[in-house]
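A quick write-up on the structure given underneath.
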Amino acid sequence: MASLKSSSRVSPTSETSKSLKARLARGAAGAFVINMGGTGLAFLSQLVLARVLGVEGYGIYAYVIAWVTILGLLATLGFHTALLRFASAYRVRSEWALLRGLIRYAEIRVLTAGLAIGVIGAAAVVGLGDRLRPELVRTFQVGFAIVPVLALLQLRSSTVRAFGGVISAIAPQNLVRSATVLLIVAVAGLVLGWQLAPSSAMAAMLLGTALGLALVTLALRRRRPAQVTTTAVEQQARLWRQTALPLLFLAAMQALLARIDILILGYVVDTTSAGIYVAASRAAALVAFALTAVNMIFAPNIAALHARGASPALQAMVTTTARWTTISGLAIAVPLLVLAPIVLAAFGDAFTSGATALRILLLGQIVNAATGSVGNLLTMTGHERYAAVILGIAAVGQVGLCAILIPPFGMEGAAIATAATMIGWNIAMAVFVWRNLRIVPSILAP
């Protein structure tokens, strides 16, 4: 009988792994659907924008939105990641006073930083008005108004995710913003036949971002544990700042890696070339949409599993998600490699010149999908400083490659620099994760 009981007993680690796999599958399924819809809407909105604004107007819009995206991430001060990490741990340990203090501390500083960046940026553009085209100045001015709203949206989305509301966190950011832009631009430009300027399209993005912030704020009020609103405030400000600082650097490097090619191309060549390149980049980014969806649900689980010391369960999650992202990425990348000119022709005939750049970018995105959630594995386990160093080196390398390759090769040079850098930092992070966490972050894991 004793041997029978022993053989039928299920290990706690096995139960934990199975439970987390089931929860991850449910959450990732919802995130996958939302992200798929958001990716589709974002791609469709960019297509409509390119059709309505024309290649020159779309270039201005794409160039400014690249700046807005970078500055919006900088305005979070790294707290959008630090909050996700600490809030997940505080919730597991029922440390409600610290959780309330963290939310208040982060929101005040992020809003202040966003407003300061927006005001300084608008003043700088006005000062450079004689050296910039009038429509570029107007588009920048509207774009800078988006910065504080976008920063607060990203912070509150992280808070909702930490409370378990994955779908209610990502839908306002991934669906609502793109849907608002698509609806306004399509109705005004295609149905009513109005001649829209890039600044008008940027105003639509401002409205969509504000609407997204309102919806995620409602979700936060519903998801917030009752104890958070009734407990006294306790702070670990020094710890939060020390953690957020490398995360801020990390966010800055991630933003630069995602947009520096666009900024340098727009500055060295022109905003029209930047617009064509953005269309190619948007198409290539479709490969990573499964990875983005998985990261939305996976990041809080990394922090929770690491806090419990559940390494086998963490490896099981990493292996499962890496297989999902690799298979999904290849299913999207292969058709895009073959049909690159046809896909870009949907934006307009002038955009087909970016087909070679699209194919080059796809190679980097395939490796990005195959290595899985290496960035989250580092930032959610206390190794954010090493992640920041790796991305910092990668960003410097990308700037150097862009400076060398863009003048002679234009869009193709930007694509080579971006793909090479993406492959390099993904491999470097994967090696670091294996050596320090003994986790294999790829499809090669058992």
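No value in this document is a laboratory result; all are computed from the given coordinates. What you see is a predicted model, and the numbers here were worked out from it, not measured in a lab. Heads up, the Cβs are rebuilt from the backbone with ideal geometry, glycines too, and the neighbour counts pull from every protein chain shown.
Working note: Karplus 6.51/-1.76/1.60 with θ = phi - 60° gives the range 190-196 the couplings 9, 7, 8, x, 6, 8, 8 Hz, where Gly and Pro are set to x. With a simple spin-label model that places each label point 7 Å from the Cα along the Cα-to-Cβ direction, the separation between Tyr267 and Arg323 comes to 4.5 nm.
The simple spin-label model puts a point 7 Å past each Cα toward its Cβ; for Val233 and Leu192 those points are separated by 4.4 nm. Extension gain for Val431 to Leu44 (0.36 nm times residue separation, less C-alpha to C-alpha distance): 135.6 nm.
Descending by average beta-carbon neighbour count within 10 Å, the peptides 252-261, 183-192 line up as 252-261, 183-192, the highest first.
Can you give the log10 of the normalised intensity I(q)/I(0) at q = 0.06, 0.13 Å⁻¹, computed with Debye over equal Cα scatterers of the range 17-437? Each listed q maps to, in turn, -0.23, -1.17. The label point for Ile393 and the one for Val92, both projected 7 Å from the Cα toward the Cβ, are 2.9 nm apart. Whole-Hz Karplus values for the range 373-388 come out as 8, 5, x, 5, 4, 7, 5, 8, 10, x, 10, 5, 5, 5, 4, 5 Hz, taken residue by residue from phi with 6.51 cos²θ - 1.76 cosθ + 1.60 and θ = phi - 60°; glycine and proline positions read x.
Restricting the range 362-446 to trypsin sites (Lys or Arg not before Pro) that sit in a DSSP loop and have at most 12 other Cβ atoms within 10 Å of their own Cβ leaves Arg438. 3J(HN,Hα) couplings calculated from phi for the range 122-130 with the Karplus curve 6.51 cos²θ - 1.76 cosθ + 1.60 (θ = phi - 60°) are, in sequence order, 4, 5, 5, 5, 4, x, 9, x, 5 Hz; Gly and Pro show x.
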